[in-house]
Amino acid sequence: MLRMKIITSALLIAFTCGMAYAKEIALTFDDLPAQEDVSAQEQKEINDRILNSLQSFNAPAIGFVNESKLTNKGETSEKIAILKSWIDKRQCLGNHTYSHNALSTTDLDDFQNDVIKGAMISKELMHNAGLSYRYFRHPYLDTGGSKEKRDLFDKFLKIQGYVIAPATIDTDDWKFNRELHKNPNAKKQIIQNYLEHTKRKFRFYEHASHKMFGRNIKHVWLLHANLINSLAMDDLLKLASEFGYKFVSLDAVLNDKAYSEPDYYYDAFGVSWLYRWDYTRGKIIDWSQEPEPNLS
Ligand SMILES: [Zn+2]
């Protein structure tokens, strides 16, 4: 009987701890319809591969759109169809501004107009599907470059009904993507390097999180809708699963109280929110140890 009780208690503790410390991550993809300025057909192929991988891992995601890309080279209806395919797969869309300018170097009024202009199509697609359109991701993660500008812009976002989409994990995908376009014959090696780098970055951010919070917080992974992710998405999702992550929505991640930490980092340079919080607390993390991509 006692033995039974001990086993039951052990199971209960394991279950409770398992629940409390489950690793969770939200997937976010920037620069939709695609980071590459290629034909609508090629953009469609990139997005189809990403969406299929997400579906096979039952992973929710949000795609942040630059609506200027829908019209800049024609094929507008084909590109809108790409956005529609995200909604059809029950994935979400958010606002990444119309033009993808940096907030710190753009006049505030112009930038705010660019946010409004950037919601025209995506918002309607989301609303037509009965989904709430409310997330905003800063281009380059540039939040303004000064306290004054950031405060004014944050106020604007709030009035407009937006919630800022932070990012804690950045695996430098766009750098590997640029390398892949430069050297397509080395595809296999570049993807391998990208996956290895992703592992190193996961370990680094988890270590930082433990050091700062005494636990691994729920994470937001910054990715882009681009060629390398479309080719590596199955492997990337497998890698995150092997790290123990469950894929959850951005809403679910932002329930973590870590996201209400104060952030007094006012520099324009885009950094992980872990860096922002660490900077605000007085820097206990050695950021010089943050892994650099292995690129030629
Ligand atoms: Zn972007």
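Rule-based calculations on the coordinates, nothing more; no lab input. Please read these numbers as outputs of a predicted model, since none were measured by experiment. Counting neighbours? That spans all protein chains shown, and the Cβs are built from the backbone with ideal geometry, glycine included.
Quick notes on this one:
- Put simply, the amide H of Asn72, placed in the peptide plane, has no neighbours under 5 Å, leaving out anything fewer than 5 places away on its chain.
- Segment Gln192..Ile116, full-extension length gain: 23.4 nm, with 0.36 nm per residue of separation and the alpha-carbon distance subtracted.
- For His138, distant residues with modelled amide H under 5 Å away: Ala165
- Compared with the direct C-alpha span, the chain from Tyr265 to Lys155 gains 37.9 nm at full extension, assuming 0.36 nm per residue.
- Basic side chains Lys and Arg get +1 at the Cβ, acidic Asp and Glu get -1 at the Cβ, and with that the dipole of the chain about its Cα centre reaches some 1120 debye.
- For Lys246, residues with placed amide H under 5 Å, excluding near neighbours: Lys23, Glu24, Ile25
- Approximating the spin labels as points 7 Å out from Cα along Cα→Cβ, the Asp286-to-Glu78 distance works out to 5.2 nm.
- FRET efficiency, Glu124 to Ala252 (Cβ-Cβ, R0 35 Å, nearest 0.05): 0.85
- Fewest-first ranking of Ile82, Ile62, Ile284, using other Cβ atoms within 10 Å as the exposure measure: Ile284, Ile62, Ile82
- In the stretch 267-296, the trypsin sites (Lys or Arg not before Pro) that fall in loop regions by DSSP, at most 13 other Cβ within 10 Å: Lys283
- Bridging of Lys175 to lysines at a Cα separation below 18 Å is possible for Lys187, Lys188, Lys199, Lys201, once same-chain residues fewer than 8 apart are set aside.
- Tilt relative to the chain, helix 147-159 - C-alpha long axis, 0 to 90 degrees, to 10: 90 degrees
- Given charges at Cβ of Lys, Arg, Asp, Glu: the chain dipole, positive-most of Asn226, Ile164, Gln35: Ile164
- For the chain, with +1 on Lys and Arg beta carbons and -1 on Asp and Glu, the positive-most of Ser241, Leu254, Ser53 along the dipole: Ser241
- Least to most buried among Ser77, Ser146, Ser249 (fewest other Cβ within 10 Å first): Ser77, Ser146, Ser249
- Within straight-line cross-link reach of Lys155, lysines at Cα separation under 28 Å, skipping those fewer than 8 residues along the same chain: Lys69, Lys117, Lys123, Lys147, Lys218, Lys257, Lys283
- Extending 7 Å from Cα along the Cβ direction at Lys199 and again at Val163 yields two label points whose distance is 3.4 nm.
- The distance between label points at Ser296 and Asn185 comes to 0.8 nm (points 7 Å beyond Cα on the Cα→Cβ vector).
- Exposure proxy order (Cβ contacts within 10 Å, fewest to most) of Phe111, Phe247: Phe247, Phe111
- Derived scalar couplings between HN and Hα for the stretch 46-58 equal 4, 5, 4, 5, 4, 5, 5, 4, 4, 5, 5, 9, 6 Hz in order, rounded to whole Hz, by the Karplus curve 6.51 cos²θ - 1.76 cosθ + 1.60 (θ = phi - 60°), x for Gly and Pro.
- Each helix, a run of at least 4 DSSP H residues, gives -39500 (n - 2.57); summed and divided by the residues of the chain, these come to -16000 deg cm²/dmol at 222 nm.
- Bridgeable aspartates and glutamates around Lys211 (alpha carbons under 19 Å apart, same-chain partners fewer than 8 residues away excluded): Glu24, Asp170, Asp256, Glu261, Asp263, Asp278, Asp286, Glu290.
- Net charge of the neighbourhood of His197, taken over other residues with C-beta under 13 Å away and scored Lys/Arg +1, Asp/Glu -1, is -3.
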